[in-house]
Amino acid sequence: MGSLSLRNIHKSFGSVEVLKDINLEVDEGEFVIFVGPSGCGKSTLLRIIAGLEDASSGDVLIADQRVNTLPPSNRGIAMVFQTYALYPHLSVRKNMSLGLKQAKQPTKYITERVNLAADMLELTPYLDRRPAELSGGQRQRVAIGRAIVRNPKLFLFDEPLSNLDAALRVNTRLEIARLHRELETTIIYVTHDQVEAMTLADKIVVMQNGRIEQVGSPMELYNDPDNIFVAGFIGSPAMNFFSARLLEMPENIKTAGLRPEAISIKKSGKISGEISHLEHLGADTNVYIDVEGELITVRLFGQRDYEIGSTVYLGFSDDDVFIFDEAGRRVRN
Amino acid sequence: MNKVRHNPLNIFAAHAALLTYTVIALFPVIVILVNSFKTRRSIFRDPLALPNTDTFTLIGYETVLKQGDYFLYFQNSMIVTVASLFFILLFGSMAAFALSEYRFKGNTLMALYLAIGIMIPIRLGTISILQIMVASGLVNTLTALILVYIAQGLPLAVFILSEFMRQVSADLKDAGRIDGLSEYRIFFVLVLPLVRPAMATVAVFNMIPIWNDLWFPLILAPGEATKTLTLGSQIFIGQFVTDWNAVLSGLSMAILPVMILYVIFSRQLIRGITSGAVK
Ligand SMILES: Nc1ncnc2c1ncn2[C@@H]1O[C@H](COP(=O)(O)OP(=O)(O)OP(=O)(O)O)[C@@H](O)[C@H]1O
Ligand SMILES: [Mg+2]
């Protein structure tokens, strides 16, 4: 019912091509997250799925039906915007019910849906307030409520948490995860927050420059990245890259990568460096080591102390080294 | 910012400047109002004095109300001003919405074309306008005036309103589209209320010149039935004798309706309902 297929989607604004041959299959009930650097075309792709923007070429299929020419309101979707986009002059109740009213649903059904959504999001006490009289978190919940009320086949979220403070972000993240479990609807979610992507997604779509770089579950992307971009994008602190000559690799290998958490600090070894900076995070410690001019990050569990400027050796297992060829593609052995 | 605002010296300076300006701006109006209640003699002998039992008279108002058809002129002015404003705001905001919201070929060109009218005074085209009105049989009708004033007001209205409409959150309009609102409902229900302050500005800018205009009423609609207030008041200003009592009384009464309209619009100017719509 709620599946989504994107087939050969291209999009240009004038002469600028912002989406290049996007192909994607999303199964019903999946939680899919688009991540990628700013300007890579995530929002544009989401707006094409919603029907707010026309693709230059290609097909969008929702629940196996080609929807290219359907207006947004007939596509069976609901969207939550980064800026909430609540109607300022309408009460919370009217904000949530407007879509169903436009679709000429019976009043009784509308009231039922609104009450259900309000209940789910603990908004019942605020139903008669205007958006201006709510806090940021409450406004975001109303925006989510407005989407739930429509009972869509497909939820679209465009960076819904980026205007919230850190504590509220965690709460709302948990709430969205719970909603996904309860509603069992397909969700497409755009973010550039790693943690959101890793914790919420069934499937992550990593984009760069209007292209899909890799699609996979969070752990697939973490353990088995296809290329240097995905390897560097997923994981925090980011993977260390250094020229392969440090490890004496074959000719075609240009770059080697090592996750900060895969390195330990030893008293002796093959590669040595100088400690240049320490970050104490409480639960773990980030150590920055200068190895022949390249800065390597090491993430150590617990609280450690080292003297800045002291010489140490890197310890790691060869199995943890990712290697990439000249074009940045992963070389698997 | 708060510090600056709460500094008593700054508050004093700001108020002094504002008060001075208010006095200067209001002085002529007050003089007109005060003198409209005085006899002709005391107007000239002591123009700044308040009327007392000796000098108080309503003769000016009586003349105005008796001579000419003051109420008809008044009504004509009102119809022309209100109708022109209504259509300037309606068409202006619709054009502004199209220019700011939709991407189409020639968008920039169209915006420029519409803005040219700001720089070229419509009076340059008076003769052609008169010819058109004669040809279409609209001479001596209020419609002629209304049409001309709409054309005169639209360029600035489109320019100001499209600038404001660009600032209305795109997400808000998109949320409306997803909820199934038509483009017309999005325009009337979501966008217009948010640009109300800009609409009021445009209304105030256009209202005064239309109400006070002498040129087009004189050329296009000088007939007795279509005279506007400004044109009608001219009968008291003669080449040799001017009935100052009547002129001052006529002017005083003409201020009132503009003031009422202004109060209505300035309320809108102050009110902002955007807060909380978008972060
Ligand atoms: N209406 C438009 N006209 C022209 N170019 C546009 C338009 N909308 C987006 N773009 C361009 O398309 C590219 C992709 O934009 P998009 O908003 O999809 O990025 P994004 O991945 O969502 O970025 P962010 O993470 O910053 O939100 C950008 O380079 C942007 O400049
Ligand atoms: Mg975006």
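Candidates A:TYR313, A:TYR222, A:TYR306: the one that is hydroxyl-bearing (Ser, Thr, Tyr) and within 27 Å of A:MET198 (Cα to Cα) is A:TYR222.
Only one entry in A:ARG332, A:ARG299 is under 24 Å from A:PRO218 (Cα atoms) and either crowded, with 17+ Cβ neighbours inside 10 Å or aliphatic (A, V, I, L, M) (or both), namely A:ARG299. Out of curiosity, is A:GLU213 over 18 Å from A:GLN138 (Cβ atoms) and crowded, with 19+ Cβ neighbours inside 10 Å? When the stated conditions are applied, A:GLU213 passes them. Looking across the range A:40-55, the residues that are within 12 Å of ligand 1 (Cβ to nearest atom) and either polar (S, T, N, Q) or away from chain B (no Cβ under 13 Å) (or both) come down to A:CYS40, A:GLY41, A:LYS42, A:SER43, A:THR44, A:LEU45. Among the residues of the range A:62-99, those identified as within 27 Å of the chain's Cα centre (by Cα), in a loop (DSSP other than H, G, I, E, B) and among the small types (Gly, Ala, Ser) are A:ALA63, A:GLY76, A:ALA85.
Going by what's in this entry, would B:ARG103 be described as exposed (fewer than 15 other Cβ atoms within 10 Å of the Cβ) and in contact (Cβ under 8 Å) with a residue 40 or more places away in the chain? Judged against the criteria, B:ARG103 is not a match. For the range A:82-114, which residues satisfy the criterion of being more than 10 Å from chain B (Cβ to nearest Cβ), under 28 Å from B:GLN167 (Cβ atoms) and surrounded by fewer than 20 Cβ atoms within 10 Å (Cβ to Cβ)? Matches in the range A:82-114: A:SER91, A:LYS94.
Against the criterion of being within 16 Å of ligand 2 (Cβ to nearest atom) and at pLDDT 95 or above, A:PHE13 does not qualify.
Yes/no matrix, rows are residues, columns are (1) more than 30 Å from B:GLN75 (Cβ to Cβ); (2) under 23 Å from the mean Cα position of the chain (by Cα):
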{"position": "B:VAL134", "(1), (2)": "no, no"}
{"position": "B:LEU142", "(1), (2)": "no, yes"}
{"position": "B:LEU147", "(1), (2)": "no, yes"}
{"position": "B:PHE164", "(1), (2)": "yes, yes"}
{"position": "B:VAL168", "(1), (2)": "yes, no"}
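Listed here are the helices (runs of 4 or more DSSP H) enclosed by the range B:181-241 that have at least 3 residues being buried (at least 20 other Cβ atoms within 10 Å of the Cβ), out of contact with any Lys or Arg (no Cβ under 9 Å at 6 or more places or on another chain) and more than 14 Å from chain A (Cβ to nearest Cβ): B:196-212, B:229-233. Within the range A:129-138, being in a helix (DSSP H, G or I) and either within 10 Å of another protein chain (Cβ to nearest Cβ) or within 22 Å of the chain's Cα centre (by Cα) (or both) holds for A:PRO131, A:ALA132, A:GLU133, A:GLY136, A:GLY137. When you scan the range A:45-54, do you find a residue that is of a type in the set (Asp, Glu) and farther than 26 Å from B:PHE104 by Cβ, even just one? No, the range A:45-54 contains no residue that is of a type in the set (Asp, Glu) and farther than 26 Å from B:PHE104 by Cβ.
The values are calculated or read from the model by the stated rules, or taken from the named source; none is laboratory data. Here the structure is a predicted model, which means the values were calculated and not measured. Neighbour counts run over all protein chains shown; Cβ positions are idealised from the backbone, glycine included.
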